[in-house]
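Worksheet: one structure, shown below.
What follows draws every value from the coordinates through simple rules; no lab data is involved. Treat the numbers as computed from the prediction; the structure is a model and nothing was measured.
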Amino acid sequence: MSDLAAVLAGRLARLAAERATVGYGALAAELAVRVSDLTAALEATMEEDAARGEPLRAALLCGKLTGGLPARGFYDKAAALGFAVDDPALFVAIHRERLGVKHR
């Protein structure tokens, strides 16, 4: 596990414990990484979560203009992993609920 992956895993665990979400830009700034590096790391966590049958921790991220939902790339990656994402809000709500976070 890379340093970024380890730090990201810890931060996502804290977000879930706090029942909170965070924006991509805010998390990238907090972790002192480029948004592109953050999204690559998030996609890796999605692969890990899907392989384990666990909720997608990347569902805790929010895009700027997405009404509290993740950015489009989240859904593209989820679909590539075999998830049905026809109803994006419901898809995120299910994963956030499984992580202990109420959908906002």
Exercise. Among Leu31, Leu12, Leu60, whose mean-square fluctuation peaks in a Gaussian network model of the chain (Cα, cutoff 10 Å)?
Worked result: Leu31
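Which helices count as membrane-span-like in the chain under these terms: full DSSP H, at least 24 Å along the axis by C-alpha, Kyte-Doolittle mean of -0.5 or more?
On the way: long enough: 35-52 (25 Å, -0.08).
Flagged H segments are 35-52.
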Exercise. Highest GNM mean-square fluctuation, the chain, Cα pairs closer than 10 Å: which of Arg52, Arg72, Arg14?
Worked result: Arg52
Seminar exercise, completed: If amide H atoms are modeled at 1.01 Å from N in the peptide plane, then the residues at a separation of 5 or more from Cys62, or on another chain, having amide H under 5 Å from its own are Val22, Gly23, Tyr24
